[in-house]
1. Highest mean first, what order results for 31-44, 57-70 on Cβ atoms within 10 Å?
2. Step through the residues of the range 55-70 one at a time and calculate ³J(HN,Hα) from phi using the Karplus curve (6.51 cos²θ - 1.76 cosθ + 1.60, θ = phi - 60°), rounding each to whole Hz and writing x for Gly and Pro.
3. What is the spin-label model distance, in nm, from VAL82 to CYS119 if the labels are put 7 Å beyond Cα along the C-beta direction?
4. Quick one: 3J(HN,Hα) in Hz for the range 6-17, Karplus 6.51/-1.76/1.60 with θ = phi - 60°, rounded, Gly and Pro as x.
5. GLY71's amide H: which non-local residues (gap 5+, or another chain) put their own amide H closer than 5 Å, with H modeled 1.01 Å from N in plane and none for Pro or chain starts?
6. Using the Karplus curve 6.51 cos²θ - 1.76 cosθ + 1.60 with θ = phi - 60°, work out ³J(HN,Hα) for each residue of the range 127-134 in order, rounded to whole Hz, and write x for Gly and Pro.
Amino acid sequence: MEKTKELVNKLTEKHGTDRKALIPILQGIVKENSFISKDEMIEVAKALDISGAEVYGTASFYSFLEIEPRGKYVIRVCRSIVCDNKNKGAILRKIEEMLHLKLGETSADKKFSLLETNCLGQCDKAPAMLINDDVYTELTPDKVRSILHDYLQASE
């Protein structure tokens with residue numbers, strides 16, 4: 001609990017305690033811990049003098065503000081209509097096959113999470129996915145196999 005208070009204090013010193021600091025503080029927590037725990041939400045609410053429900057509502061609304069633990073590698077597949085039309089289904093099937101995961105799941109070893117997210121802004125190069133902060137575009141099942149092979153090797 002003390003570590004939680006220290007982190008929130010550090011982030012409020014950097015971003016302030018106005019309501020407009022909420023998202024940067026939550027982003028800072030995710031950067032530090034990979035997700036926002038209930039205790040962290042409570043501490044943020046206290047620090048900003050807002051309700052816990054407002055903090056939770058904000059954290060749960062934005063897809064990049066994680067409120068549950070995720071894998072070391074978070075794979076976000078774009079769910080835009082453009083990606084759908086460019087064979088996103090085959091991309092998802094290849095990922096699920098290689099990682100033995102279904103959409104929305106995290107592997108038992110906590111190495112991978114598979115999610116969909118709204119447009120990644122790569123429509124001209126669809127289909128696209130994001131693995132942590134790395135963007136991959138113009139995907140094919142073979143290209144996905146190669147990309148995931150590298151992540152699987154790195155995680156061993």
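1. 31-44, 57-70
2. 5, 4, x, 5, 5, 7, 6, 8, 5, 9, 9, 6, 10, 9, x, 10
3. My value for the distance between the label points is 0.7 nm.
4. These are the phi-based 3J(HN,Hα) values: 4, 4, 5, 4, 4, 6, 6, 5, 6, 10, x, 10 Hz.
5. Residues meeting the amide H criterion: SER113.
6. Each residue of the range 127-134 in turn: x, 10, 8, 10, 10, 6, 9, 9 Hz.
Every number here is computed from the coordinates shown, using simple stated rules; none is lab data. Being a predicted model, the structure only gives us computed values, none of them experimental. Please note: Cβ atoms are built from the backbone with ideal geometry, for glycine as well, and neighbour counts cover all protein chains shown.
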